[in-house]
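A.B. asks: Provided herewith is a single structure, encoded as C-alpha cells, for subsequent inquiry.
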Amino acid sequence: MHFEASPKSKDYTKRVRNFMREHILPVERAHWDAIAAQRHGGDWQQWKIPPAVEQLKQKARAEGLWNLFLPDEKLGAGLTTLEYAPIAEETGRSLMAPEIFNCNAPDTGNMEVLYRYGSEEQKERWLKPLLAGEIRSVFCMTEPDVASSDATNMQATAVVEGDHVVLNGKKWWSSGIGDPRAKIAIYMALTADPNKDRHHQHSMVLVPLDAPGVKITRMLPVFGEYDEPHGHGEVHFNNVRVPLSNVIAGPGKGFEIAQGRLGPGRIHHCMRCIGAAEQTLDLMIERGMQRTAFGKQILNLGGNRERLAEARIAIDQARLLTLYAAWKIDKVGALAAMTEISAIKVVAPNVLQKVVDDAIQIHGGAGVSRDVPLTAFFVQARTLRLADGPDEVHKGLIARIELAKRGYSKK
C-alpha cells in the first residue's frame with residue numbers, strides 16, 4: 001500500500017494549481033463581490049450567474065481540465081479515486097474552483113449515478129449536457145418532516161402506475177436548485193414493495209424541474225446566507241407524473257445506487273476540506289506573522305504556535321486517512337471500505353472546522369468578514385458534519401462493523 005501520486009495525477013494537479021493561480025484566484029474576490037452586489041436574498045428567481053464563471057469554464061475545458069473526477073478516459077480524465085484525490089484537495093483551496101473544472105457537487109455525484117446506473121436514453125438526455133457543463137442538477141433526498149439521518153424514514157413516494165411513476169412528497173436542502181441553469185433533479189423516494197427487504201423499498205427518479213407539480217417553495221439560509229446563485233431549496237412534488245423510464249436502474253434500486261454515489265463523493269468532499277484547511281492555515285500564518293500586539297507578532301502570543309502545530313498534525317492525519325480510504329475504494333470497492341469512508345466523513349470536516357475557528361480568532365474582526373473566506377470555509381465544515389449523514393450515524397456504523405468483526409450482533 002502506498003499513496004504516492006501517479007505521474008498522471010501529478011501532472012493534472014500541477015496544471016490545476018497553475019490554472020487556479022493564473023485565472024481563478026485573481027478574480028475570485030471580484031466574483032463574490034459581484035454576487036453580493038446583485039444579492040436578492042431568498043428571491044432565487046432574480047439570481048444570475050456572473051459571466052466570469054462561464055468564461056473560465058470554457059478556458060478550463062479547452063485546456064483539458066474538465067470532468068477530472070470521472071474515471072473514464074473518453075468522458076473524463078480516466079483517473080482512479082486515489083489519483084483524483086490530490087486534485088480535489090487543490091480545488092478545495094477555492095470556493096469557486098470546483099465548478100470551473102466541472103467537478104462540483106451535487107453535479108459530480110449525479111453524473112456518476114447516470115454514468116454507472118443510467119440507461120442509454122438517460123445518459124443521452126441528461127448526462128451528456130451535464131458533462132458538457134451546459135446545465136446543472138439537483139439531488140433531492142432530505143425531508144423536512146422526518147429524521148433524515150435514517151433514510152428508511154423517507155415519506156416521499158414514487159408509485160408506479162403502468163408506464164409512469166407518480167411522485168408526491170416534500171424535500172429540502174436540495175442544493176443548487178436556485179441556480180438558473182438547474183434543469184434536472186434526482187428524486188429519491190419510497191416505492192413500497194412487500195416482497196422486498198427494507199433496503200429495496202426506494203427508487204431514484206429523474207425529474208425535470210419544469211415538470212407539472214414540481215414547486216420550489218423557498219430557499220433556506222445557512223447561517224443567514226442564501227448561498228446565491230445556487231441556494232438550498234425546499235421543493236414540493238405534487239402528483240408529478242414522469243415516464244417509468246425516468247427511474248434509474250429500475251424501482252427499488254435507490255439504496256444500491258446511493259452507496260455507489262456516496263463512496264467516491266465523500267472522498268471528493270473530504271479532500272476539498274483538506275484543501276480548504278491548507279488554505280486556512282496559510283491565511284492563519286500570514287495574518288499571525290504580519291500583525292503585532294503587545295510588542296509581539298500575534299502568532300507568538302498565547303498558545304498560537306501550539307495551535308499552528310496542532311493544525312499541521314491534524315491536516316496531515318486527515319489527508320493520510322482520506323488517501324487510505326481512496327486507495328481502498330479503488331482496490332475493493334465502496335462497500336468493503338465503509339469503515340474508512342465513514343471515518344474520513346467524520347474526521348475531515350471536524351479538522352477543517354477546528355482549523356478555521358483558530359484562524360478566525362487570529363484574524364480578529366477580519367475573520368468574520370467577507371474580506372477572507374474563513375466564514376465560508378466554516379459553513380462548509382459545519383454543514384458537512386450533517387450532509388451525507390451526520391457524524392453520529394457514521395460513528396455508529398463504524399462501531400457496528402467493529403462489533404460484527406468480533407462476532408457480536410450488528411444491532
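A.B. asks: Are there any pairs, at least 6 apart or on different chains, whose C-beta atoms fall under 8 Å, with the first in region 1-25 and in a helix (DSSP H, G or I) and the second among the hydroxyl-bearing types (Ser, Thr, Tyr), and if so, which?
C.D. replies: As it stands, the answer is Ser9/Tyr84; Val16/Thr91; Met20/Thr91; Met20/Ser94; Ile24/Ser94; Leu25/Ser94, since those pairs meet every condition given.
A.B. asks: Could you look through region 176-217, keep only residues that are among the charged types (D, E, K, R), under 25 Å from Pro50 (Cα atoms) and touching a helix residue (DSSP H, G or I) at 6+ places or on another chain (Cβ under 9 Å), and pick out the one that is surrounded by the fewest Cβ atoms within 10 Å (Cβ to Cβ)?
C.D. replies: Going residue by residue through region 176-217, those that are among the charged types (D, E, K, R) are 179, 181, 183, 193, 196-198, 210, 215.
Subsequent filtering for residues that are under 25 Å from Pro50 (Cα atoms) retains 179, 181, 183, 210.
Narrowing further to those that are touching a helix residue (DSSP H, G or I) at 6+ places or on another chain (Cβ under 9 Å): 179, 183.
Numbers: Asp179: 22, Lys183: 17.
By that ranking, first place goes to Lys183.
A.B. asks: Could I ask something else about it? Answer with yes or no whether Thr322 is touching a Cys at 6+ places or on another chain (Cβ under 8 Å) and either assigned by TED's automatic domain parsing to the domain that holds Phe223 or among the polar types (S, T, N, Q) (or both).
C.D. replies: Numbers: touching a Cys at 6+ places or on another chain (Cβ under 8 Å): yes; either assigned by TED's automatic domain parsing to the domain that holds Phe223 or among the polar types (S, T, N, Q) (or both): yes.
Answer is yes for this residue.
A.B. asks: Suppose we filter region 112-167 for residues that are assigned by TED's automatic domain parsing to the domain that holds Leu206, under 17 Å from the mean Cα position of the chain (by Cα) and part of a helix (DSSP H, G or I); how many remain?
C.D. replies: Total meeting the criteria: 0.
A.B. asks: Out of (1) within 27 Å of Ala325 (Cα to Cα); (2) out of contact with any Asp or Glu (no Cβ under 6 Å at 6 or more places or on another chain), the odd one out for Leu82 is which?
C.D. replies: Unmet for Leu82, out of (1) within 27 Å of Ala325 (Cα to Cα); (2) out of contact with any Asp or Glu (no Cβ under 6 Å at 6 or more places or on another chain): (2).
A.B. asks: Could you identify the single residue in Ala52, Ala60, Ala105, Ala85 that is out of contact with any helix residue (DSSP H, G or I) (no Cβ under 6 Å at 6 or more places or on another chain) and either under 30 Å from Ala249 (Cβ atoms) or not assigned by TED's automatic domain parsing to the domain that holds Gln259 (or both)?
C.D. replies: It is Ala105.
A.B. asks: Can you tell me which residue within region 244-258, out of those that are among the aliphatic types (A, V, I, L, M) and in a loop (DSSP other than H, G, I, E, B), is surrounded by the fewest Cβ atoms within 10 Å (Cβ to Cβ)? Please lay out each step first, then the result.
C.D. replies: Initial filter on region 244-258 (among the aliphatic types (A, V, I, L, M)): 244, 247-249, 257-258.
Filter once more, so that each one left must be in a loop (DSSP other than H, G, I, E, B): 248-249.
Numbers: Ile248: 22, Ala249: 18.
Filtering region 244-258 for residues that are among the aliphatic types (A, V, I, L, M) and in a loop (DSSP other than H, G, I, E, B), the one surrounded by the fewest Cβ atoms within 10 Å (Cβ to Cβ) comes out as Ala249.
A.B. asks: Also: Listed residues Arg261, Arg266, Arg241; which is touching a residue at least 24 places away in the same chain (Cβ under 8 Å), under 30 Å from Gly162 (Cβ atoms) and surrounded by 22 or more Cβ atoms within 10 Å (Cβ to Cβ)? Let's see the steps before the verdict.
C.D. replies: Values: Arg266 fails: under 30 Å from Gly162 (Cβ atoms); Arg241 fails: surrounded by 22 or more Cβ atoms within 10 Å (Cβ to Cβ).
Exactly one of Arg261, Arg266, Arg241 is touching a residue at least 24 places away in the same chain (Cβ under 8 Å), under 30 Å from Gly162 (Cβ atoms) and surrounded by 22 or more Cβ atoms within 10 Å (Cβ to Cβ), namely Arg261.
A.B. asks: Restricted to region 116-149, and to residues that are in contact with an Asp or Glu (Cβ under 8 Å, 6 or more places away or on another chain) and of a type in the set (S, T, N, Q), which residue is nearest to Gly396 (Cα to Cα)? Reasoning before the result, please.
C.D. replies: So the first thing to find is which residues in region 116-149 are in contact with an Asp or Glu (Cβ under 8 Å, 6 or more places away or on another chain), and the list is 130, 136-137, 144, 149.
In the following step, the residues that additionally are of a type in the set (S, T, N, Q) were identified as 137, 149.
On the way: Ser137: 31, Ser149: 12 Å.
Ranking the qualifying residues of region 116-149, first place goes to Ser149.
A.B. asks: Continuing with the same structure: Just give me the residues in region 26-43 being under 15 Å from Asp227 (Cβ atoms) and touching a helix residue (DSSP H, G or I) at 6+ places or on another chain (Cβ under 7 Å), in sequence order.
C.D. replies: Correct list: His31, His40.
A.B. asks: Of the numbered conditions (1) touching a Gly at 6+ places or on another chain (Cβ under 9 Å); (2) within 21 Å of Pro50 (Cβ to Cβ), Lys171 fails exactly one; give the number of that condition.
C.D. replies: It is condition (2) that Lys171 fails.
A.B. asks: Sort out which residues of region 269-301 are among the polar types (S, T, N, Q) and crowded, with 16+ Cβ neighbours inside 10 Å, and write them in order of number. Steps first, answer last, please.
C.D. replies: Step one: filter region 269-301 for residues among the polar types (S, T, N, Q), giving 279-280, 290, 292, 297, 300.
Scanning region 269-301 gives Gln279, Thr280.
A.B. asks: Could you tell me which residue of region 218-238 is surrounded by the most Cβ atoms within 10 Å (Cβ to Cβ), considering only residues that are of a type in the set (Phe, Trp, Tyr) and either outside the structural domain of Asp163 (by TED's automatic domain parsing) or outside any strand (DSSP E or B) (or both)? Please lay out each step first, then the result.
C.D. replies: Taking region 218-238 and keeping what is of a type in the set (Phe, Trp, Tyr), we get 223, 226, 237.
From what's left, either outside the structural domain of Asp163 (by TED's automatic domain parsing) or outside any strand (DSSP E or B) (or both): 223, 226.
Details: Phe223: 11, Tyr226: 21.
My answer is Tyr226.
A.B. asks: Also, quick follow-up: Which one of these is part of a loop (DSSP other than H, G, I, E, B), in contact (Cβ under 8 Å) with a residue 12 or more places away in the chain, among the basic types (Lys, Arg) and over 21 Å from Leu127 (Cβ atoms): Lys170, Lys196? So that I can check it myself, show each step before the final result.
C.D. replies: Working: Lys170 fails: part of a loop (DSSP other than H, G, I, E, B).
Just a single option satisfies the conditions, and that option is Lys196.
The values are calculated or read from the model by the stated rules, or taken from the named source; none is laboratory data. Bear in mind the structure is a predicted one, so any value in this text is a computation, not a measurement. Don't worry about glycine lacking a Cβ; one is built from the backbone with ideal geometry, like all the others, and counts go over all protein chains shown.
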